[in-house]
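First up is the structure itself, then whatever we jot down about it.
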Amino acid sequence: MCRLSVALNHRLRLIYYRRFHQRLYLTGVNFNPSVGHEYQGKRPALVIESSRQIKKSNLITVAPLTSNLNNKTFDDIIIKKDSRNKLIKDSVIKVYEISSFDYSRLINRIGAVNQEVMEQIKNYLKKHFDI
């Protein structure tokens with residue numbers, strides 16, 4: 001594949017992800033390669049970046065999810081599976097594991113979170129960044 005074709009492919013993917021991945025939507029993310037204690041593998045994550053920033057940036061900011069409810073720490077947020085979020089199992093949003101990735105790591109859009117979870121995320125981010 002020539003460089004122009006690769007660049008065009010990347011640009012089209014970027015346009016797609018910027019259009020269809022919005023704040024507080026759940027998306028599949030490929031966390032590999034990872035180092036040390038970082039999350040690994042393909043897993044759902046919550047997009048926490050504002051829609052305005054998504055349109056400006058080449059990176060997208062997410063918080064990973066785990067279905068291991070025993071892995072919950074004090075600030076983590078439990079999200080119950082429902083028809084809106086389309087999760088397979090009840091999960092934990094690992095809010096302290098915030099990461100930014102290139103759009104090429106995104107796999108698919110899964111669903112959305114409800115208003116209660118959205119408020120919990122906003123409150124945590126204020127605490128996390130001391131704002």
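All of the numbers you see were taken from the coordinates with simple rules; none came from a lab. What you see is a predicted model; the values in this text were computed from it and never measured. Cβ placement follows ideal geometry from the backbone for every residue including glycine, while neighbour counts extend to all protein chains displayed.
A few remarks follow.
- The label point for E38 and the one for K72, both projected 7 Å from the Cα toward the Cβ, are 2.8 nm apart.
- Segment S83-F101, length gained on full extension (0.36 nm per residue, minus Cα span): 3.8 nm
- Cross-link table K42/K127; K55/K80; K80/K122; K42/K89; K56/K86; K42/K81, entries beyond 20 Å C-alpha to C-alpha: K42/K127; K55/K80; K56/K86
- Ranked by the mean number of other Cβ atoms within 10 Å per residue, highest first, peptides 96-105, 43-52 order as 43-52, 96-105.
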